[in-house]
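Take a look at the structure set out below.
Computed from the coordinates by the stated procedures, all read-outs in this text should not be read as laboratory data. Note that the coordinates shown come from a computational prediction; the quantities given were computed from them, not determined experimentally. Please note: Cβ atoms are built from the backbone with ideal geometry, for glycine as well, and neighbour counts cover all protein chains shown.
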Amino acid sequence: MGFFDALLGGKKKLQGVAPDRLFAMTTAYVTMEIELGMKSTGAAGIAFQSLETSDFEGILRDAQELLAGTAEETGTELESSVDEFGYRWIILRDPDFEDIVVSLNTLSTELQGGGYGDRLLAAVFAFVEKDKPVYFIYNFKRGAFYPFVPSGGAKQRDTPRELRLKAQLQNEIPFEEDTTRWFPLWEIPL
């Protein structure tokens, strides 16, 4: 099994993972901010494999229009980009953290409802702790979060800090228990 098979769930994908698990981040956010001194950057994103079919593009367009409609009320900004591996990112920027979580959930629910849940890779929430980036990644295939703390320059990560974050927040959000599935996402466009 290759890296992307493992990240995407391989041939034995988990079915029926609760789509509303993203909302656990709204309560964890309070603990992160007050007890751990972490601040949201006001940005989060969702990464997925795009399909060049009219059905997929229609569902995605409808979801983006829905988000754009609510963005007028909430002030959420939407961006789209494609990373070096060909994954499409929808990036949301909003000073209200709950608006970001609701928007990410809306987008993922629309794709799952359209039968494209297997195309979802991850939702990523960006934070800052003492001027250093900290990401919480939600793996849709596994239905769980894990921290990703880049460190230094040459694609290094702060694994001890990631493990401490899991210990500090394990009662707040569903964590991926298998740390071998804590895949780093380098070059996150947030």
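Go through the residues of the range 92-108 one by one and say whether even a single one is surrounded by 15 or more Cβ atoms within 10 Å (Cβ to Cβ), among the acidic types (Asp, Glu), outside any strand (DSSP E or B) and touching a Ser or Thr at 6+ places or on another chain (Cβ under 8 Å). Yes, the range 92-108 has at least one match.
Scanning the range 142-158 for residues that are farther than 16 Å from residue 28 by Cβ and aliphatic (A, V, I, L, M) turns up just one, 154.
Of all residue pairs spaced 6 or more apart or on separate chains, those with beta-carbon atoms under 8 Å, a first member in the range 161-177 that is more than 15 Å from residue 35 (Cβ to Cβ) and a second member that is of a type in the set (Lys, Arg) are 174/21; 175/166; 176/142. Within the range 131-158, the set of residues being without any contact (Cβ under 8 Å) to a residue 24 or more places away in the chain and either of a type in the set (Gly, Ala, Ser) or over 25 Å from residue 46 (Cβ atoms) (or both) comprises 131, 151, 152, 153, 154, 156. Of the residues making up the range 109-126, just one is of a type in the set (Ser, Thr, Tyr) and in a helix (DSSP H, G or I), namely 109. Within the range 173-190, if we keep just the residues that are within 13 Å of residue 149 (Cβ to Cβ) and either of a type in the set (Phe, Trp, Tyr) or out of contact with any strand residue (DSSP E or B) (no Cβ under 9 Å at 6 or more places or on another chain) (or both), the residue that is surrounded by the fewest Cβ atoms within 10 Å (Cβ to Cβ) turns out to be 186. State which residue is surrounded by the fewest Cβ atoms within 10 Å (Cβ to Cβ) when the search covers only the range 113-149 and only residues that are under 13 Å from residue 185 (Cα atoms) and among the hydroxyl-bearing types (Ser, Thr, Tyr). Per the criteria, the residue is 135. Taken as a whole, the condition of being part of a loop (DSSP other than H, G, I, E, B) and of a type in the set (D, E, K, R) applies to residue 177. For the range 27-56, the set of residues classified as in a helix (DSSP H, G or I) and loosely packed, with under 15 Cβ neighbours inside 10 Å consists of 27, 30, 33, 34, 54, 55, listed by residue number.
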